[in-house]
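Colleague: Input: one structure, supplied below.
The values are calculated or read from the model by the stated rules, or taken from the named source; none is laboratory data. Remember, predicted model here, so these are calculated numbers, not experimental data. Every residue, glycine as well, gets a Cβ built from its backbone with ideal geometry; the counts of neighbours run over all protein chains shown.
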Amino acid sequence: MTVLRNISKTSLLKLIPVTFAAFIWVTPASAGDAAAGKVIYDGKGACAICHGATGAGDGVASAAFNPKLASFVIPAFRLDTDGDGNSGTDTDLSNAIINGAAKYGGNAGMPGRADFSDTEVNDLIAYIRSLQK
């Protein structure tokens, strides 16, 4: 409390925009590029093979899975990979992408992609979010 008493109101007002800007910059939801994510989804990630071209969980390989694969069209991701009580956050999606869904009680057919860079994961999440209706 003593420290705050010694800081002028002008100094505090100068810090607020910087703090707010830093918060926005590191927020994963704003970090991804959906167009780049689509390229990964359709190509390197091979996500469309199982999750389908539109993300509905109806790809050509989807029939082989039980339980049924996640549909990205419906924003109802059930995995809470970080145990924070909120399922389907960007962190949850990131963890499932990097480590595989089975690690968190999801489908064992979802392989982990530790070979993806942070940028690729964020782009892929942005694309998955863009599929939601």
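A quick yes/no check of all residues on (1) of a type in the set (G, A, S); (2) not in a loop (DSSP other than H, G, I, E, B):
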residue	(1), (2)
D80	no, no
G83	yes, no
S87	yes, no
G106	yes, no
P111	no, no
E120	no, yes
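Colleague: Could I ask something else about it? Kindly evaluate N107 against the criterion of being under 21 Å from D123 (Cα atoms) and of a type outside the set (G, A, S).
Modeller: When the stated conditions are applied, N107 does not pass them.
Colleague: Which of (1) more than 19 Å from I125 (Cβ to Cβ); (2) modelled with pLDDT of 85 or more is the odd one out, the single condition A22 does not satisfy?
Modeller: (2) is the only condition that A22 fails.
Colleague: Related question: For residues that are surrounded by fewer than 14 Cβ atoms within 10 Å (Cβ to Cβ) and at pLDDT 95 or above, tally how many sit in segment 87-108.
Modeller: 0
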